[in-house]
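Asks: I have a structure here, written as structure tokens, and I will follow up with some questions on it.
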Amino acid sequence: MSNKRYCSKYRFIKNKLKDKLPTNININKNGELITCDNESGSGKLGTENTLRSINVSFSANVHSISSRSTPTGSSGVFPNHDQHTELLQTILKTQIEIKLQTTTFVDKLPINNLSEIDEIEDLIKNEEIFNELVNFLYLVGGENYVRMVNSVMKKLLRHEVAVKFSGVRKTQKLPFCNLKIYKAVHMAIRKRHNSTTDQEIQKTVSLYLAQSKARLSSSKTRRFLDNQEKV
């Protein structure tokens, strides 16, 4: 497919998405979803795993549909009604996923202190918001359950907060697995890696928390060295 025709297809997609995407999301000339500066309108490629995973899914679906289409003329517009419908369904699915990851929890994570833990716990007593958190964490992704647990926990908790918790209360630390937040983590992992057992998830979360002190120390060392270089 020529670059001209390829870009034409994405212009078609962008026009169909007009007024549907959140204000901070746009599509660049390569057909990638990007985050935009609210004031200038300029865009930058999203660096979050969630946005990358949506891009992969979005592009794969669009290319799949595009490869089956037979454009007429130089415009590259899809002439087939069924292909139009399928493409718009893909766009709608993408739009829903973007909204899920740009709503309640974008500005609330990672958690900075224990007060914010209480705030999130109170918030997700609402079943709809709890499910939103599950979907948010699901979109973090990971090629296996261990990597996903590590990515999700990093997304959830700053190291300064993670060191205050253990998996279960066998120490003086707080039991993370007693929190409703942990239930959301558990459901997100099982949703993506459905063969993973409860014990595997709990063990991996516990190990992540046990290693938080070392991560915090390493993070502080890096910040110190960065500051020294700036002096």
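Asks: Taking Y145 and the conditions (1) in contact with a Leu (Cβ under 9 Å, 6 or more places away or on another chain); (2) among the hydroxyl-bearing types (S, T, Y); (3) closer than 22 Å to E200 by Cα, which numbered condition does it fall short on, given that it satisfies the others?
Replies: (1)
Yes/no per residue for (1) in the same structural domain as N194 (by TED's automatic domain parsing); (2) at pLDDT below 95; (3) of a type in the set (D, E):
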residue: D107; (1), (2), (3): no, yes, yes
residue: D118; (1), (2), (3): yes, no, yes
residue: N135; (1), (2), (3): yes, yes, no
residue: G141; (1), (2), (3): yes, yes, no
residue: N144; (1), (2), (3): yes, no, no
residue: R169; (1), (2), (3): yes, yes, no
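Asks: Please work out if A214 is within 15 Å of K154 (Cβ to Cβ) and surrounded by fewer than 15 Cβ atoms within 10 Å (Cβ to Cβ).
Replies: Criteria met by A214.
Asks: Look at the stretch 126-154 and say how many of its residues are within 19 Å of T197 (Cβ to Cβ) and among the hydrophobic types (A, V, I, L, M, F, W, C).
Replies: 7
Asks: Working carefully through the options K155, K183, K173, find the one that is within 14 Å of Q211 (Cβ to Cβ) and either surrounded by fewer than 21 Cβ atoms within 10 Å (Cβ to Cβ) or out of contact with any Pro (no Cβ under 6 Å at 6 or more places or on another chain) (or both).
Replies: Within the list K155, K183, K173, the selection yields K173.
The values are calculated or read from the model by the stated rules, or taken from the named source; none is laboratory data. All of these numbers come straight from a predicted model, not from anything done at the bench. Note that each Cβ is placed from the backbone with ideal geometry, even for glycine, and that neighbours are counted across all protein chains shown.
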